[in-house]
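Beneath this line is the structure, given in structure tokens, with notes to follow.
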Amino acid sequence: MIIAFALVTCQHVHLGYCACEAALFRGKLGDWVAKTREVHVIDDLTGGCLCGAVRYRCSGEPDSMGLCQCERCQRQSGSSFLIAIVYSRESVTFESGELGVYTAADDSGSNLSRHFCLSCGSAVMITLDRYPEIRSMMGGTVDDKSRIRPTFSLWCSSAQPWLELPRDIQQFPDYPDGLIA
């Protein structure tokens, strides 16, 4: 008996790498039978500060990716917006370096802590008292920036008037209720 085999590979990228493989086998009766095996390999997201002292690793896919255009984030980032990549606390590990922290109350009265490298001052992460289970990693510190694909923007009411975001980024005038970012 001869068994014919064909392998079809479909590859697409979404915050990492996903390869879906489908094998077609010709069985005893000559019918093609599809056997599918999915392989999901999502590379850890790695990053670090400007001087290299702080290094981190985030496992799995992020919960969300977005921009913040509030005046405080503009000041911290030194730009028109801050890029936040949100992971669960358990997904983030620091491999080296020490972080300093600056904590201030946000508009709702909850503490928002901005974590930075003690050597070079690079902003690395934000934590929020109202969402202690998440870590917002700063997009500018990510090693592979091609993986950054924000889907929303907060505090667009404070946006620079000359900045026009792509239409596929959902824009909120402030921080909407129920959004964890």
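The values are calculated or read from the model by the stated rules, or taken from the named source; none is laboratory data. Note that this is a predicted model, so its numbers are computed, not measured. Virtual Cβ from ideal backbone geometry, glycine too; neighbours counted across all protein chains shown.
Looking only at region 144-169, which residues are in a loop (DSSP other than H, G, I, E, B) and exposed (fewer than 11 other Cβ atoms within 10 Å of the Cβ)? Can you show your working first?
In the first step, residues of region 144-169 are kept if they are in a loop (DSSP other than H, G, I, E, B); the result is 144, 148-151, 155, 159-169.
Residues satisfying the conditions are Pro161, Trp162, Glu164, Pro166, Arg167, Asp168.
Among the residues making up region 85-110, those that are over 18 Å from Gly121 (Cβ atoms) and assigned to a strand (DSSP E or B) are Ile85, Val86, Tyr87, Ser88, Val92, Thr93, Glu95, Ala105. Restricted to region 132-143, and to residues there that are part of a strand (DSSP E or B) and over 18 Å from Ser80 (Cα atoms), the residue that is farthest from the chain's Cα centre (by Cα) is Pro132. Among the residues making up region 116-162, a single one is out of contact with any strand residue (DSSP E or B) (no Cβ under 8 Å at 6 or more places or on another chain) and closer than 15 Å to Tyr56 by Cα: Lys145.
There is no residue in region 114-131 that is at pLDDT 95 or above, in a helix (DSSP H, G or I) and surrounded by fewer than 19 Cβ atoms within 10 Å (Cβ to Cβ). Just one of the numbered conditions (1) modelled with pLDDT of 90 or more; (2) not assigned by TED's automatic domain parsing to the domain that holds Gly140 is not true of Tyr17: (1).
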